[in-house]
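Here's the structure we're looking at; comments come further down.
The values are calculated or read from the model by the stated rules, or taken from the named source; none is laboratory data. As the structure is a prediction and not an experimental result, all values here were calculated from the model. Every residue, glycine as well, gets a Cβ built from its backbone with ideal geometry; the counts of neighbours run over all protein chains shown. Accessible surface is based on the protein model in full, side chains and every heavy atom, while ligands, DNA and RNA are left aside. Shrake-Rupley method; radii C 1.70, N 1.55, O 1.52, S 1.80 Å.
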Amino acid sequence: MILPYHILAPMTRRVMAVCAVAAALLCMTGATHSAERTTTPTILIIDNSNPDSPLSRDLRTQIHSTLDTEIPAGYTLYTEFLDARHFNARDYDLALQTYIKEKYRNHGLSAIVTIGWAAFDFAVRLRSELRPDLPIVFVTFDEARVGQTSPSNSTGIISPRRFEDLVKVARILAPQTARVAVVGTPIQNQPYRRQYLRELSELARSTEVLDLTTLPFSEVTAKLAKLPDDAVIISIPLYEDASGHIHQAVETMRKLVAVADRPIVTDVEYLLGAGAAGAVVVSAANLGSDVGKLVGRILNGESASAIPVEVREHTEAVFNAHALQTWDIREETLPPASKVLFRELTVWDRYRWQILTALAMLLVQSVIITGLMIERHRRRVAERDSHQRLLEVTKMDRALTAGAMSSSIAHELNQPLTAIMNNAEAAAMLLKANSLDREELRAIVADIRRDDERAANIIKHLRMLLRQSELKPEDLALNEVLADSIALIEGPAHKCGVTVQAEIPSVPIHVRADYVHVQQVILNLALNAIEAMRDLPSGQRLLKIRLRTKDDSKAIVSISDSGPGVPSEKMATIFNPFVTTKAEGTGLGLSIAQTIIATYGGRIWAENTAGGGAAFHFSLKLVPTTDIRAQVA
Amino acid sequence: MTEIPASATIHVVDDESAVRTSIGRLLRTMGYEVSVYGSAAEFLARPPKPERGCVLLDVQMPGLSGPELQDQLKKSGSSLPIIFLSGHGDIPMSVRAIKAGAEDFLAKPARKEVLEGAIERALKRFDESYERNVRMNVLRQHALQLTPREREVFNLVVRGKLNKQIAHELGTAERTIKAHRHNIMSKFQVRSLAELVSIAEHLGVLEERSEPQA
């Protein structure tokens, strides 16, 4: 939050004033009531090493933060470094002891925490002169005194740091390991690693150990370059080589990595960053937390003597992902709880959110697409079903059409029958006459034959209309379908006094469709047209049926009437099911016609003609004449 | 053809050519004169001469239908009897046609005997109406010869008025009425009052209260 200066400035000034007053008060209370000081515990940490030791630094930091929660009322913490690696003369020790004793004499120490055995011994001596019942909490990595009873009012944690573990890690990295080369600051100079010496001498019995810590660093690198293949390098930090040369541990590790043709194992985490492949490191966080809690217990009233010394491991195996890759060691071969550092940030690590977002979007998209596809499939199925049903209705409609037409078809059939009857009667009379009029009789017989054929034709058409066989698209001449349909329509047209006017070209016009279907559409439209003209004065009822082609690609059949036309409000919906302009119509006829025409890829539409009356048209794709020729051939 | 006492022309109106032709052929064989028409319009376009005959009329035709042609003929005062021929026995239609004065209503196909019977009945009707027409024409001719005074007297006489009453009504002498009456009887060529009343009945004089029509 950004505050404007004129608001911020007075606030800051006020806060500063309050702080100053509080500080002054605190100083006064500190000076006047010295008795109060004892209520705030004061802890002294005595460290074997120097302030630069990373492990002891991390440990102290963790102890500090643990104490913050263990002693919420507050405490004071001091640290003294023995720097035992560099300075271990007896005079120095005495002088240091005097110095520290004098330094803390009036500070009312509540407890001492020591890191390393040397520090512990120092503290015990210090306490005898300062205050013998001062509790001591020790931390050490050396198991040398495990089992020994510790002095009164002291307890601690022995967190073993074993060379053996380093060898184990080395074997994980290089299973064929037969020899161990040790590099680093001479072990006896390392206060927290002295215990390694004992282990090394033990290890030497089973494995060849090359202790290179006793050589100057320049010789070490030369030796490493000629190391046998089955040797592994274990490097402890090199601060100062055997010849007294001071080194940067990180720098020397880099050099070692450059020279050594194999993975290097170490015991501090920060050297992993310099190229070591694996390490067994003391977890300062865990150990410091355990120590802090122990101190907390004592400061909260428990007696140090009553708390047994605890031996607990705080080490963990850590590996360098880069090195693992270099030596072609797969992470799966490492022990289950291993920690791997410096993992190359994968695309996943780097762009996790972007990837997740993209994936989420993809997922949502997929879901939507899947949903849409399911929906589409459902619609397809529904369409197919409804199409199927419409085809069934189509069949029913055909039967209905035939039924509706039956009386007019009967009438139509009656015409040739009447003619036949008349002709037969005439013939019978002529035969009774004295002289046979052969010419007339011949004409009569010819007429009878013709009329009989006509009757047979009508029956044939009716039968086709009612055909129940499988519908199959075929190349058919629309001219013929129309002619046949007109033959059927003539009955109803005649009955209703409708004049049929057909305009059908003589050139065959072929489309691909089922005969019965197309005929049904024509009959439907024509019967509608006839019906529409019912209320017209006779003489004005005209049904026009026209066939033409358009653009050499479509055949168009038009059926128009001279009736009142389609009401404009129904024009848009006239092909929908159950929309009808007729009093007794089902409203299915046109919808069926549309379905049929659509089945063959055609189109059906209606319009009102300029001269009044409605015109219905349907178009079907032309079958090219060449195709038909090919088929015939 | 010798068995037919007088020749007759049968007018066949049918849009169906096969039916038209065959029925024409049959009728000709039966000895009738036949003239055929493809539609009602064609029939109206060349109306038949007022000679003995009848019409065989198809009920359903494009354009003017059979019953519609019947109406038109009736309006134009044609006396040709009409026999309907129908494809189906449509009872309501046949009742309407008969009520409108059709001679008969036959279902197709009609047997020769049925057709012949219907035609003969129709011709008989034609003959009767022809005779009646002839008689009426004679009566009308006679009626036209009456003077206006004689017509007045005729109107009153046929209603049974006595000479004295008529004279009184017309404000003239009884003797004058007697003379008129004599003239009327001779103009109508009748001898009795009963004959005169029958003539008046035929001419439709009795239905009218007021001035008699000529």
Flag for A:THR76 being polar (S, T, N, Q) and out of contact with any Asp or Glu (no Cβ under 9 Å at 6 or more places or on another chain): yes
Which pairs do you get when a residue that is open to solvent by 60 Å² or more (accessible area, probe 1.4 Å), found in region A:593-606, comes within reach of a residue that is outside any helix (DSSP H, G or I) and at pLDDT below 85, reach meaning Cβ atoms under 7 angstrom, with the pair 6+ apart or on two chains? A:GLN594/A:PHE575
Residues (part of a helix (DSSP H, G or I) and either of a type in the set (Val, Ile, Thr) or loosely packed, with under 15 Cβ neighbours inside 10 Å (or both)) located in region A:122-163: A:VAL124, A:ARG125, A:SER128, A:GLU129, A:ALA144
Hey, any hits in region A:558-580 for a residue that's of a type outside the set (Val, Ile, Thr), at pLDDT below 90 and within 18 Å of A:LEU476 (Cβ to Cβ)? no
Going by the conditions given, is A:ALA487 farther than 20 Å from B:ALA40 by Cβ, more than 11 Å from chain B (Cβ to nearest Cβ) and at pLDDT below 90? yes
Those residues of region A:453-465 that are within 12 Å of chain B (Cβ to nearest Cβ) and open to solvent by 90 Å² or more (accessible area, probe 1.4 Å) come to a total of 1
Scan the helices (runs of 4 or more DSSP H) fully inside region B:17-135 and keep the ones with 3 or more residues being buried (at least 19 other Cβ atoms within 10 Å of the Cβ) and facing chain A (nearest Cβ under 9 Å). B:17-30
Scanning region A:195-214 for residues that are open to solvent by 40 Å² or more (accessible area, probe 1.4 Å) and either assigned to a loop (DSSP other than H, G, I, E, B) or not assigned by TED's automatic domain parsing to the domain that holds A:LYS168 (or both) gives A:ALA204, A:ARG205, A:SER206
Filter region A:483-515 for residues that are surrounded by fewer than 22 Cβ atoms within 10 Å (Cβ to Cβ) and among the hydrophobic types (A, V, I, L, M, F, W, C); which is nearest to A:ILE592 (Cα to Cα)? A:ILE486
Exception for A:LEU82 within (1) open to solvent by less than 80 Å² (accessible area, probe 1.4 Å); (2) closer than 26 Å to A:HIS314 by Cβ; (3) within 56 Å of the chain's Cα centre (by Cα) falls at (3)
Please give the number of the condition A:GLU219 fails out of (1) in contact (Cβ under 8 Å) with a residue 12 or more places away in the chain; (2) more than 55 Å from the chain's Cα centre (by Cα). (1)
Failed criterion for B:ASP14 (all others in (1) within 19 Å of B:ALA97 (Cβ to Cβ); (2) away from chain A (no Cβ under 13 Å) hold): (2)
